[in-house]
Amino acid sequence: MIPIDLPTIWAFIIAFAVFVYVVMDGFDLGLGILFPLFPRKEDRDVIMNSVAPVWDGNETWLVLGGGGMMAAFPLAYAVLMPALYTPMIAMLLGLVFRGVAFEFRWRTTKERNKWDIAFTGGSLLATLAQGIALGAILQGIRVDGRVYAGGWWDWLTPFSILTGVALVIGYALLGATWLVMKTEGDLRDRAYGLSWALLFAMLGAIGAVSIATPFLHVQYTQRWFVWPNIILTAPVPIAVAGVTVLLLRSLAHKYDYQPFFLALALFALSYAGLGISMYPYIVPQSITIWQAASPANSQIFMLFGVAVLIPLILGYTAWAYWVFRGKVKPESGYH
Amino acid sequence: MFEGWDAVVLARAQFAFTMSFHIVFPAFSIGLASYLAVLEALWLWTGREVFINLFNYWLKIFAVAFGMGVVSGIVMSYQFGTNWSAFSDKAGPVIGPLMAYEVLTAFFLEAGFLGVMLFGLERVGHRLHFFATLMVAVGTLISALWILSANSWMQTPTGHAVNAAGQFVAADWFKVIFNPSFPYRLVHMVLAAYLTTALVVGAVGAYHLLRDSHLAGPRVMFSMAMWMASLVAPIQILAGDQHGLNTLEHQPVKIMAMEGHFESHKDGAPLILFGWPDQAAGKVRYAVEIPKLGSVILKHSPDAPMAGLDTVPRENWPPVPITFWSFRIMVGMGVLMMTLGFLSLWMRWRGTLYESRLLHMFAVAMAPSGFIAVLAGWITTETGRQPFTVYGLLRTVDAASPLAAPAVASSLIAFIIVYFAVFTAGVIYLLRLMAEPPHHGEQGPGKEAPARAAGITPAAGAAAEGAAR
């Protein structure tokens, strides 16, 4: 059904990089979004310290997603980036504020509050922009020849706002369950409370996006609801229901380590759903992965590097997480 | 607003602005990562406390500078697509893999080990921590390797073909990566990064020696930095000369602009020291020149003929005044660096390296010289490549995204406001860290708050440090 050729392999590699980014920077950004709900300085220090050693590595996956796309699917990169100009620039500026806040807030007492606001504002802006970009891609992009043919506000629709808000909720859920895993005492208890609320909001968001997507284009409807595709697509919502039950149970029983990974599973399923909707297009309804693919020798040249280096990267990234494993204690902050 | 503006000019302004802000951070952190690795190695080898104090002192500075480099770097990696989409489509199959390799071999390595380097000394032990530091340092160098290969291919493209869709594709990856200007540009840039860092380290050392010439930490860092300046600055000038000869061979028009050679010289070209290049009139006004020296430097013969811009169609001229002057600023900085290095050797020989106030004030004044030289050098090489993005093959006007001027103008204004707000604050924090001398028992980014609470005063620390020597 899915041919195994270079563009398909690369589509999976890029999708993998973007997913790892969503997983890893998702909880970092989620912590930024939740920051205003934890006004005590001690709590904020703990929250920051829980990701300080790893945030930079997490963000690198975004560079791989973008850089890899330019290399493997240059046409798609060249069409999508101008189409998403405003959300992309907003995301980059948001990431500037978020990133520097990690270092700057430890360098000043007087202005710490300012950098805490930058941390939240930057995280929120970057997340919203990523969600809007996703919605804008799904709803389709006007292409003429090899060039983006729309205006610079085409991305702004009710659907893209919906996906933007959905991603904010999703990242906040990842952040809350991360705190459940990495903190103790009162901070952890409040994170549990937030996880409950955010889980229901997340389910609502998944539902809303799932209902709205088939109305965007007939391809999406056929992909999901027409026989025999439905045999292959039906397991996705069923799995979402199953994971939700497990997640509710782990929250009820206060299994500190489970909610985060189950929330990740919810993300993985939603992401798989997006993949099912989009495949084989990389720019929906306009450009397929084969049309956008760079020449075979470019893709092969990089495939050697990916085959050797990605496992290595995953290895030492896991090691870095292992070094800083366990609950973050207020007094043993890395900063 | 901005409807009458040229979208391509705005996009170029945005790239130049964001790039100029970005480049100073990697230039500093490439050198600083290597310096940190040396300091930690010296500490592990000798066990002298001054080295771990210096390591932790510079590590805090590294953390802030590296963070600013990362966030401004992500902007660059996406700007190829947002603002230069035609370039991304056409050159993506060649440039993209080089940048993907940079991410895979360098960015992950740096980011993966950075956390352990910054916060992990007590969690992983000395040897593993040193390994992490080494990986960060190696990562910064690998990053320089790939990105300079990509940039050099845009300057001196080789090993490519053009496919039916009009894209550049690799015919020979070895020739793409090791294109003719790459080795020269790599050496020149890495040495520039080392010099930039040495001059900052030297200036910080000198600043504290001016206040108290007995402080152990500042003495060690000043001495190390001055060795770097005296050894590397002359090597850098030689490397720059070789790079220039390479440019003459592959991008002669850039050399014409750098030298201000509007006119051809059949029997020996002068060296124009200063003047005002008038692009419209096609001549250098108020030129101060030395006859024949241009040919001596570039062709090693006083009477060698040199072609000028009059042999090149006007539409292929780079902006001569910018190229001409940025080149002179870079060379001027290089000469000042060498002067500082030689002066330090002289003072060292006389035994007054740590006492000479003149030398220390000179070193403090030279703190930004590396950054100025790096920026001027990049402006020279990038402006000198114009009006092409891929030299001789893809014009800059044909490389831009199909964006309306108001979109680019808005983003440019946003970048200017955000960068000035954020990076001004960052530089202030860096200067604040540098304004304190390294203390006895200096702590890294992980542990500074408890250490200060433990009540080690700077004066007591300095005394203990002095006694430890």
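The values are calculated or read from the model by the stated rules, or taken from the named source; none is laboratory data. A quick note: this is a predicted structure, and the numbers were derived from the prediction, not measured. Here the Cβ positions follow ideal geometry from the backbone for every residue, glycine too, while neighbour counts run over all protein chains shown.
Selection of first residues in segment A:185-208 that are closer than 14 Å to A:Ser250 by Cβ and of second residues that are of a type in the set (S, T, N, Q), restricted to Cβ pairs under 8 Å at least 6 apart or on distinct chains, gives the following pairs, ordered by first then second residue: A:Ala191/A:Thr177; A:Ala191/A:Thr183; A:Ser195/A:Thr177; A:Leu199/A:Thr244. Residue count for segment B:395-448, restricted to those that are touching a strand residue (DSSP E or B) at 6+ places or on another chain (Cβ under 9 Å), in a loop (DSSP other than H, G, I, E, B) and either surrounded by fewer than 21 Cβ atoms within 10 Å (Cβ to Cβ) or among the hydroxyl-bearing types (Ser, Thr, Tyr) (or both): 2. Among the conditions (1) more than 30 Å from B:Pro234 (Cα to Cα); (2) within 14 Å of chain A (Cβ to nearest Cβ), the only one that B:Arg395 does not satisfy is (2). Please specify each residue of segment B:233-275 satisfying the condition of being part of a loop (DSSP other than H, G, I, E, B), surrounded by fewer than 20 Cβ atoms within 10 Å (Cβ to Cβ) and either at positive phi or in contact with a His (Cβ under 8 Å, 6 or more places away or on another chain) (or both). Hit for segment B:233-275 is B:Gly268, nothing else.
Across segment A:124-144, which residue is farthest from B:Thr424 (Cα to Cα) among those that are at pLDDT 90 or above and within 13 Å of chain B (Cβ to nearest Cβ)? Among residues in segment A:124-144 that are at pLDDT 90 or above and within 13 Å of chain B (Cβ to nearest Cβ), the one farthest from B:Thr424 (Cα to Cα) is A:Ala133. Only one entry in A:Val96, A:Val18, A:Val63 is within 18 Å of the chain's Cα centre (by Cα), within 11 Å of chain B (Cβ to nearest Cβ) and either surrounded by fewer than 22 Cβ atoms within 10 Å (Cβ to Cβ) or without any contact (Cβ under 8 Å) to a residue 24 or more places away in the chain (or both), namely A:Val63.
Considering (1) more than 8 Å from chain A (Cβ to nearest Cβ); (2) surrounded by fewer than 22 Cβ atoms within 10 Å (Cβ to Cβ); (3) among the polar types (S, T, N, Q), the lone condition that B:Thr18 does not fulfil carries the number (2).
Filtering segment B:84-121 down to residues that are charged (D, E, K, R) and either free of Cβ contacts under 8 Å to residues at least 40 places away in the same chain or more than 7 Å from every other protein chain (Cβ to nearest Cβ) (or both), which residue is nearest to A:Glu103 (Cα to Cα)? Residue satisfying both the conditions and the ranking: B:Glu110. Within segment B:75-83, one or more residues are in contact (Cβ under 8 Å) with a residue 40 or more places away in the chain, in contact with a His (Cβ under 7 Å, 6 or more places away or on another chain) and more than 8 Å from every other protein chain (Cβ to nearest Cβ).
Per the listing A:Ile300, A:Ile282, the residue uniquely closer than 30 Å to B:Asp172 by Cα and not in a helix (DSSP H, G or I) is A:Ile282.
Checked against the criterion of being in contact with a strand residue (DSSP E or B) (Cβ under 8 Å, 6 or more places away or on another chain) and of a type in the set (Phe, Trp, Tyr), the candidates B:Phe87, B:Phe107, B:Phe113 yield just one match: B:Phe87. Pairs linking a residue in segment B:421-433 that is at the interface with another protein chain (Cβ under 7 Å from one of its Cβ atoms) to a residue that is surrounded by fewer than 17 Cβ atoms within 10 Å (Cβ to Cβ), with Cβ atoms under 8 Å and 6 or more positions apart or on different chains, are B:Ala425/A:Glu111; B:Tyr429/A:Thr108. Can you find a residue in segment A:113-123 that is surrounded by fewer than 23 Cβ atoms within 10 Å (Cβ to Cβ), of a type in the set (Lys, Arg) and free of Cβ contacts under 8 Å to residues at least 12 places away in the same chain? So far as segment A:113-123 goes, yes, one or more of its residues are surrounded by fewer than 23 Cβ atoms within 10 Å (Cβ to Cβ), of a type in the set (Lys, Arg) and free of Cβ contacts under 8 Å to residues at least 12 places away in the same chain. Annotation note: Cβ proximity below 8 Å between a residue of segment B:47-70 that is away from chain A (no Cβ under 14 Å) and a residue that is of a type in the set (Ser, Thr, Tyr) (sequence gap 6+ or interchain) occurs for B:Trp58/B:Tyr35.
Taken over segment B:339-361, the residue count meeting the criterion of being surrounded by 18 or more Cβ atoms within 10 Å (Cβ to Cβ) and either touching a residue at least 40 places away in the same chain (Cβ under 8 Å) or not in a helix (DSSP H, G or I) (or both) is 8.
Comparison of A:Ala52, A:Ala71, A:Ala101 shows that the only residue that is crowded, with 24+ Cβ neighbours inside 10 Å, among the hydrophobic types (A, V, I, L, M, F, W, C) and over 30 Å from B:Ala407 (Cα atoms) is A:Ala52. Of the residues making up segment A:281-295, at least one is facing another protein chain (nearest Cβ under 9 Å) and either of a type outside the set (Lys, Arg) or surrounded by 18 or more Cβ atoms within 10 Å (Cβ to Cβ) (or both). Filtering segment B:123-138 to residues that are within 11 Å of chain A (Cβ to nearest Cβ) and touching an Asp or Glu at 6+ places or on another chain (Cβ under 9 Å) leaves B:His129, B:Met135, B:Val136. From the list A:Lys114, A:Lys110, the one residue that fits, being part of a helix (DSSP H, G or I), over 25 Å from the mean Cα position of the chain (by Cα) and within 12 Å of chain B (Cβ to nearest Cβ), is A:Lys114.
For segment A:191-211, filtering for residues that are more than 15 Å from A:Leu174 (Cβ to Cβ) and in contact with a Ser or Thr (Cβ under 9 Å, 6 or more places away or on another chain) leaves 2. Of the numbered conditions (1) in contact (Cβ under 8 Å) with a residue 40 or more places away in the chain; (2) more than 7 Å from chain B (Cβ to nearest Cβ); (3) within 19 Å of the chain's Cα centre (by Cα), A:Ala76 fails exactly one; give the number of that condition. Among (1) in contact (Cβ under 8 Å) with a residue 40 or more places away in the chain; (2) more than 7 Å from chain B (Cβ to nearest Cβ); (3) within 19 Å of the chain's Cα centre (by Cα), the lone unmet condition for A:Ala76 is (3).
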